[in-house]
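Read through the structure below, which is laid out as structure tokens, and then see the notes.
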Amino acid sequence: MEDSVFSNRTSTEQAGRGFSLIEMMVASAIFAIAAAVAFILYSAAQKSYKSGENFTDQQQGTRVAFDRMISDIRLAGFNYNPDGDSTRVDEQVEGAWDTAVTVRGDFDFEDPAASVTPESVLPGSNYSVVSTGNDEIVTYVLAKPGPTGAETLTLRLDPDKPRSKAVKTVTIPNVVLNQSNPPYTLYRVTLADVTGAFPSSPQGSTNFVYEPVAENIRSMTFLYYNDAAALISPNTPASSADDIGGGDGNSLTRSRIRRISVSVVGMTADEDLDYTDPTDATATSHYRKFDLRSDVNPENLGKTGIRDLDVTPPPSPTNVSLVAGHCQGVLVKWDPPSSTSGVTSYSVKYWPNGSPSTFTTLGIPYPHIEYGTTDYLGHGFVPGLTQGSTYCFQVLAKDATGNSSNWSPTSSPPCVAVSEATTPGTPQNLKATGNGTLAPLDSKVQVTWDEVKANANTLSGDPNQIGGFTIMRDAKGYKLYRDIVSAFTPNDGTNMVAATGVLGVGATSFTDNFVANCKTYYYRLVAVDKCDVAGAASAAVSGQAVTVIAPSKPTGLSGNRTSKTNIHLTWTPVTTNVGGTTIYIEQYKVYRVKLPTGTPLGSISPGSFTYRGMAATPVYDDSLDSTDHRDLSNGYSMYYVITAADLCGNESARSDPVEVYCTFNGTLGTNPADTSSNGGSVPISVTVSGTNTYVRAKVRIPSLTAPGTDVYNQEVFATCATSPCTYSFPAWDTSATG
């Protein structure tokens with residue numbers, strides 16, 4: 001019973017005491033862990049939500065900008081030429097880069113008088129609402145916020161308000177074409193709506209309206225296709241050097257664009273270190289990205305409006321005047337037409353003074369091209385006239401529909417004598433391969449130069465100049481000269497390698513195939529006009545051909561003894577190397593060996609030949625000494641081989657040997673006959689019969705009383721190729737030398 005009371009008291013004491021410190025610490029730790037887990041889960045959820053929200057917001061903002069850009073591109077060319085005016089200089093796609101685009105269209109189309117929308121106006125219709133503000137020229141391009149950028153977009157277009165139909169250079173600064181440091185801001189750029197003439201290039205950023213339409217853009221690219229679905233852009237976004245661009249030279253390429261493929265890659269504003277883009281190895285690998293792509297087919301590209309029927313002729317040209325001084329031609333000038341005249345061409349009528357019924361007409365487009373530059377002045381050059389004769393001139397204007405003005409002036413047309421008062425300019429930038437800068441070519445030298453476009457002087461009254469000198473209107477071509485010394489004087493008779501018949505107007509290169517390899521040549525160039533007036537020669541430039549290929553083996557070697565002391569060799573010129581390439585050889589090596597007559601050619605050791613000399617042409621004369629002469633008369637022959645060689649150290653295989661020997665195979669007859677007796681003055685002659693050509697005859701009569709001496713020794717030289725031949729000698733005076 002006592003035990004029972006004690007047990008109850010103990011339980012009661014424990015119940016009143018509460019939790020121990022250890023129990024509280026354990027409970028607190030468990031609570032902290034649970035709270036930390038809950039906080040981590042909440043933070044992760046909040047971060048995921050925030051990241052998703054940012055991604056969604058950025059994607060939505062980029063998509064809105066993308067849709068706006070696609071909408072503008074889709075309207076490219078809309079209403080840009082509704083009346084079909086062929087004299088407009090506008091383009092539907094004004095600039096086409098791999099990472100930027102400039103289009104022209106009526107983006108703010110609105111007809112307050114009717115509910116007409118761009119979609120309800122058919123492409124090519126004659127609707128007359130035309131946007132004339134610079135907001136019709138829209139560029140989409142990336143840049144850093146500001147905008148800032150180290151690059152410039154260059155365009156050639158008509159930016160004036162109202163349009164003047166005059167092409168000007170427009171440069172949009174502070175943009176980025178090489179997208180190597182994202183993120184960027186996508187800008188919609190338009191020209192400032194300046195009334196009158198747009199400022200000259202280079203324009204400042206204040207001449208443009210930069211509208212940011214999307215931030216945090218990773219990249220933007222454009223691909224351009226023609227109507228055959230063929231890609232016509234280079235697709236090299238890392239380099240803008242080869243882009244179609246906005247220059248005059250690529251206007252035809254831009255006019256063929258029918259489809260534009262657009263790609264925009266956006267990225268989140270903040271990086272997510274828990275995310276890595278497996279396709280991105282750059283600094284943006286921890287940014288989430290989204291790619292928007294679309295193919296746009298602007299319905300108006302390649303289409304224009306229909307021009308209203310026009311029966312109104314353009315105004316007649318005014319202030320027609322003449323400028324003589326270009327060989328065989330006259331420059332006819334008049335006031336340039338107004339931008340609203342519609343003039344697309346002119347006709348010039350001319351005739352010999354006093355014979356107006358024998359006139360000739362020449363068509364001149366307007367505007368026309370002068371050495372690659374569009375010329376909006378009113379003039380045209382009439383070539384093909386007789387030097388020194390006087391001609392009279394009239395001019396009329398035409399529009400695109402064929403309407404013509406009256407001939408101007410209607411009376412007292414101006415007349416002038418055709419004269420020469422210009423001298424061609426000096427060719428510049430002459431270069432030749434193998435000169436230490438340009439790599440040498442095999443067995444040829446290529447010479448290049450800049451086209452001579454201007455004279456060396458100015459002609460009063462002629463408005464077109466290049467570099468301060470009147471342009472050449474009477475060019476005939478060039479003359480190229482070559483020598484082996486740098487300080488040479490051009491001479492048509494001694495060192496000209498190409499004349500105007502080969503180097504005509506527009507020529508800028510010539511390939512000289514008649515050069516010896518590894519030999520240095522010097523070239524000078526002269527420009528010539530139609531009166532054969534030559535300008536100053538260019539500075540001399542060196543050139544050299546180099547090869548490692550040996551010349552072909554010489555063939556056709558033959559030889560004959562032309563005199564007692566000479567053997568004459570000839571052979572066929574070597575004109576190719578062993579690879580079949582045409583070459584020029586001016587170095588042949590001659591080798592000889594002396595062996596008994598009749599030695600088989602195939603048995604002669606190549607090492608037995610010794611070098612005799614060198615020839616620049618396929619002809620060589622080998623001089624014989626007394627020993628050679630004696631040996632040739634005593635059963636020996638001369639055997640020859642030749643090789644073709646160059647200064648590069650290449651030498652051909654040896655030719656087949658040829659044998660040259662001295663064997664008489666004719667039949668001799670003498671008068672008087674041998675062993676006959678005679679006295680006094682004895683006539684002597686020798687008759688020879690045979691198939692050879694004989695060049696020399698000799699008669700020797702030894703003394704019977706003084707051995708080793710001759711009483712008669714005479715030699716006659718005369719070529720005789722017709723058998724029999726008779727050689728006549730001086731008579732023998734037997735009374736003096738019996």
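Each listed q (0.27 Å⁻¹) maps to a log10 I(q)/I(0) for region 416-462 from the Debye sum over equal C-alpha point scatterers, namely -0.99. What the phi angles of region 18-29 give under the Karplus curve with 6.51, -1.76 and 1.60, with θ = phi - 60°, is a coupling list of x, 7, 7, 4, 5, 5, 5, 4, 4, 5, 5, 4 Hz, glycine and proline written as x. Could you state, as a whole-number percent, how many of the C-alpha pairs of region 475-605 are farther apart than 19 Å? In whole percent, the share of Cα-Cα pairs in region 475-605 beyond 19 Å is 65.
Here the accessible area is traced with a 1.4 Å probe on the protein chains. For region 198-296, carbon and sulfur cover 48 percent of it. Label-to-label distance, residue 241 versus residue 558, with points set 7 angstrom from Cα along the beta-carbon direction: 6.0 nm. Just the protein heavy atoms count here, and of the accessible area of region 309-405 at 1.4 Å, carbon and sulfur take up 53 percent. Site pair residue 358 and residue 667 shows an inter-label distance of 7.7 nm when each label is modelled 7 Å from Cα along Cα→Cβ. Here's how it looks for residue 477: its modeled amide H is under 5 Å from those of 528, which are all 5 or more places away or on a different chain. Label point of residue 659 set 7 angstrom out along Cα-Cβ; within region 575-600, amide nitrogens under 16 Å from it belong to 593-600. Between residue 277 and residue 86, the FRET efficiency estimated from the beta carbon spacing at R0 = 56 angstrom works out to 0.65.
What's the whole-number percent of alpha carbon pairs in the chain lying beyond 48 angstrom? Cα-Cα pairs of the chain separated by over 48 Å account for 56 percent. Remark: spin-label model distance residue 335-residue 439 equals 6.0 nm, labels positioned 7 Å along the Cα→Cβ axis. A helix-only calculation puts the chain at -4000 deg cm²/dmol for mean residue ellipticity at 222 nm, using -39500 (n - 2.57) for each DSSP H run of at least four residues, averaged over all residues.
Distances between placed amide hydrogens fall under 5 Å for residue 94 paired with 102, 103, 104, all partners being 5 or more residues away or on another chain. For region 463-603, the number of Lys pairs separated by eight or more positions or lying on different chains, with C-alpha atoms closer than 24 Å, is 9. Summing Cβ point charges (Lys, Arg +1; Asp, Glu -1) relative to the Cα centre of region 587-666 gives a dipole of roughly 120 debye.
Accessible area per residue for region 640-692 is 54 Å², calculated with a 1.4 Å probe on protein heavy atoms, without ligands, DNA or RNA. Against the main long axis of the alpha-carbon atoms of the chain, helix 2-17 sits at an angle near 70°.
Between residue 637 and 595, 597, the built amide H atoms are under 5 Å apart, and every one of these is 5 or more places off in sequence or on another chain. Per-residue Karplus couplings for region 435-446, computed as 6.51 cos²θ - 1.76 cosθ + 1.60 with θ equal to phi - 60°, are listed in order as 9, x, 10, 8, 4, x, 9, 7, 6, 7, 10, 9 Hz, Gly and Pro entered as x. Note on residue 617 and residue 297: the extension gain reaches 108.3 nm, defined as 0.36 nm multiplied by sequence separation minus the Cα-Cα distance. Whole-Hz Karplus values for region 494-508 come out as 10, 9, 7, 10, 7, 9, 5, x, 9, 9, x, 4, x, 5, 9 Hz, taken residue by residue from phi with 6.51 cos²θ - 1.76 cosθ + 1.60 and θ = phi - 60°; glycine and proline positions read x. Evaluated at q = 0.14, 0.15 Å⁻¹, the base-10 log of the normalised Debye intensity for region 330-378, with identical point scatterers placed on the Cα atoms, takes the values -0.44, -0.50. Looking at region 368-481, the accessible area is 43 square angstrom per residue; that uses a 1.4 Å probe and ignores ligands, DNA and RNA. Pull out a ≥ b ≥ c, the square roots of the eigenvalues of the alpha-carbon gyration tensor of region 136-286, then state rounded if a/c is under 1.5, prolate if not and a/b is larger than b/c, and oblate in the remaining case. Oblate is the answer for region 136-286, as a/c is 1.5 or above yet b/c matches or exceeds a/b.
Determine, from the Cβ-Cβ distance of residue 37 and residue 259 and an R0 of 51 Å, the FRET efficiency 1/(1 + (r/R0)^6), rounded to the nearest 0.05. In this case the efficiency is close to 0.35. For the modelled label position 7 Å from the Cα of residue 678 along Cα-to-Cβ, which residues of region 718-738 have backbone nitrogen atoms closer than 17 Å? From region 718-738, the list is 726-738.
As a ratio to 2.2 N^0.38 Å, the alpha-carbon radius of gyration computed for region 543-684 takes the value 1.43.
Only protein atoms count toward the accessible area here, which uses a 1.4 Å probe; on region 437-564, the carbon and sulfur part of that area reaches 51 percent. Across every direction, the projection of the convex hull enclosing the Cα atoms of region 484-542 has a mean area of 4.5 nm².
Here r is the Cβ-Cβ distance between residue 717 and residue 548 and R0 is 56 Å; the resulting FRET efficiency, rounded to 0.05, is 0.70.
Net length available on complete extension from residue 171 to residue 692 is 178.8 nm, with 0.36 nm assigned per residue and the Cα-Cα distance removed. Computed from the alpha carbon atoms alone, the convex hull of region 282-435 holds 269 Å³ per residue. Multiplying the residue separation of residue 572 and residue 321 by 0.36 nm and subtracting their alpha-carbon distance yields 84.0 nm.
The P(r) of region 131-186 has a tail past 20 Å containing 36 percent of all C-alpha pairs.
For region 670-738, the normalised intensity computed at q = 0.21, 0.24 Å⁻¹ comes to -0.91, -1.08 (log10 of I(q)/I(0), Debye sum over alpha carbons, equal scatterers, no solvent).
The values are calculated or read from the model by the stated rules, or taken from the named source; none is laboratory data. These numbers were taken from a predicted model, which means no experiment stands behind them. Positions of Cβ are backbone-derived with ideal geometry, glycine not excepted, and every protein chain shown enters the neighbour counts. What goes into the accessible areas is simple: the full protein's heavy atoms, side chains included, and nothing from ligands, DNA or RNA. Shrake-Rupley method; radii C 1.70, N 1.55, O 1.52, S 1.80 Å.
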